[in-house]
Protein chains: 2
Amino acid sequence: MELPEATSMLARTPKVLDTLLAGLPAKWLHRDDGPGTWSAYDIVGHLLEGEATNWLPRTRMILQQGTGQAFGPFDREAMRGRGRQPAAVLLARFTAARLASLEELSSSELTVDDMERRGLHPDLGEVTLGQLLATWVAHDLTHLAQVGEVLARRYRDDVGPYRAYLPALDRTADAE
Amino acid sequence: MELPEATSMLARTPKVLDTLLAGLPAKWLHRDDGPGTWSAYDIVGHLLEGEATNWLPRTRMILQQGTGQAFGPFDREAMRGRGRQPAAVLLARFTAARLASLEELSSSELTVDDMERRGLHPDLGEVTLGQLLATWVAHDLTHLAQVGEVLARRYRDDVGPYRAYLPALDRTADAE
């Protein structure tokens with residue numbers, strides 16, 4: 001993992017989601033695979049929550065406290081407790097939050113050596129800053145994949161016999 | 001499946017891929033999961049091939065010949081036989097090809113009744129135009145998901161213990 005390429009990828013995510021989702025009808029945006037599964041809208045909410053309580057806060061903890069204190073909890077379902085704001089607002093908030101995260105990260109002037117600094121994950125134990133930042137990128141990309149699939153499944157029945165060629169249409173939804 | 005929303009989604013795909021992939025280093029673009037699996041670059045090539053030989057050509061066959069003659073074959077691996085052109089060229093060609101496809105589709109002035117017209121798939125048997133067009137959309141979205149996952153797996157090792165939280169990093173690559 002190299003920091004410049006990781007941050008370059010992180011900067012793309014809000015633009016990609018905006019290009020894919022902005023202006024989509026609710027029947028796309030709020031489609032999910034049943035109770036406990038996530039719609040595209042839910043996924044954007046989850047990513048926004050991560051900006052507020054996961055990636056940068058934990059980066060700060062590693063830099064300031066090392067392994068002296070475990071990270072606070074990250075509630076993967078926190079977005080469900082929020083009021084339902086318009087998708088355009090949610091996307092704009094995610095764009096702004098990600099930009100702010102990357103600006104703070106840039107201003108930290110992290111070095112290659114910093115990537116080896118450690119923090120304490122409440123469940124996983126010691127993790128390095130490099131692992132945290134690589135996870136941030138991979139987490140974006142796997143959730144982008146999840147958005148593609150939950151949208152695709154809207155046409156699970158409409159594709160008729162082609163369903164046999166599209167295994168993702170029958171994939172068990174997995175929130176990640 | 002409603003045609004206006006389907007075509008609206010199809011129009012987004014080149015922009016989404018461009019936003020995600022344009023200018024990415026080769027180590028991202030050409031990363032795959034081993035022999036027989038597809039990189040992001042391969043997937044764009046596959047989508048471009050579909051514009052040339054799958055979706056619109058088969059739409060024309062349904063409209064012009066109905067079930068009188070089976071669709072020609074679609075070579076899912078055709079992109080491998082092409083020379084390796086720069087990713088920017090490939091993305092631009094896909095953008096142009098998709099635009100041309102959607103313009104032709106629009107000029108066909110398809111009706112709701114047309115969605116029930118039938119063609120003959122060489123393996124699946126009779127399919128309706130509506131099923132073909134719904135599949136086009138779902139195929140875009142599942143391949144977008146595939147792009148997200150193949151990119152994410154670049155950091156499979158870099159995430160360290162977080163790998164336990166990201167099952168997509170260990171998902172068997174499946175070309176679709």
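The values are calculated or read from the model by the stated rules, or taken from the named source; none is laboratory data. Note that the structure is a prediction, hence the values are computed from the model and not measured. Here Cβ is always computed from backbone atoms with ideal geometry, including for glycine, and neighbour counts include all displayed protein chains. Calculation scope for accessible area: heavy atoms of the full protein, side chains included, ligands and nucleic acids excluded. Shrake-Rupley method; radii C 1.70, N 1.55, O 1.52, S 1.80 Å.
For B:THR95, the distances from its label point to the matching points in the remaining copies are 1.8 nm, ordered from shortest, with each point set 7 Å beyond Cα toward Cβ. Summarising the label geometry, the points placed 7 Å from Cα in the beta-carbon direction at A:GLU2 and B:THR172 lie 3.4 nm from one another.
In this label model, A:GLU77 and B:ARG118 are separated by 4.7 nm, measuring between points 7 Å along each Cα→Cβ vector.
Projecting label points 7 angstrom from Cα along Cα→Cβ for B:ALA96 and A:SER108 puts them 4.4 nm apart. In order along segment B:136-151, the phi-based Karplus estimate (6.51 cos²θ - 1.76 cosθ + 1.60, θ = phi - 60°) of 3J(HN,Hα) comes to 4, 5, 4, 5, 3, 5, 6, 6, 4, 4, 4, 4, x, 6, 5, 5 Hz; Gly and Pro are listed as x. Averaged over the residues of peptide A:126-136, the number of Cβ atoms from other protein chains lying within 10 Å of each residue's Cβ is 4. Across the identical copies, the label point of B:ALA11 (7 Å from Cα in the Cβ direction) is separated from its matches by 2.9 nm, in order from shortest. Accessible surface of the protein assembly as shown, 1.4 Å probe: 51 percent of it comes from carbon and sulfur atoms.
Across the identical copies, the 7 Å label point of B:PRO35, projected outward along Cα→Cβ, sits 4.8 nm from its counterparts, in ascending order. Accessible surface of B:PHE74, taken over heavy atoms with a 1.4 Å probe and every protein chain present, rounds to 40 Å².
With a Förster radius of 45 Å applied to the beta-carbon distance between B:GLN64 and B:LYS27, the computed FRET efficiency rounds to 0.50. Debye-formula intensities of segment A:47-139, expressed as log10 I(q)/I(0) at q = 0.22, 0.23, 0.24 Å⁻¹, are -1.15, -1.22, -1.29 (one equal scatterer per alpha-carbon, no solvent).
Put B:ASP170, A:ASP113 in order of accessible area, highest first, and with a 1.4 Å probe you get A:ASP113, B:ASP170.
For B:LYS27, the accessible area of its heavy atoms, probed at 1.4 Å with every protein chain present, is near 90 square angstrom. If you run the Gaussian network model on chain A, springs between alpha carbon atoms under 10 Å, then out of A:TYR155, A:TYR41, A:TYR165 the most flexible one is A:TYR165. What does the C-alpha gyration tensor say about the overall shape of the protein assembly as shown? Classify as rounded when a/c is under 1.5, otherwise prolate if a/b is larger than b/c, or oblate. Judged from the Cα gyration tensor, the protein assembly as shown comes out prolate (a/c at least 1.5, a/b above b/c).
For segment B:1-94, the Cβ-based charge dipole about the Cα centre amounts to some 240 debye (Lys, Arg positive; Asp, Glu negative; other atoms uncharged). Taking each residue of A:26-33 in turn, how many C-beta atoms of other protein chains fall within 10 Å of its C-beta, and what is the average? If you average over the peptide's residues, the count of other-chain Cβ atoms is 1.
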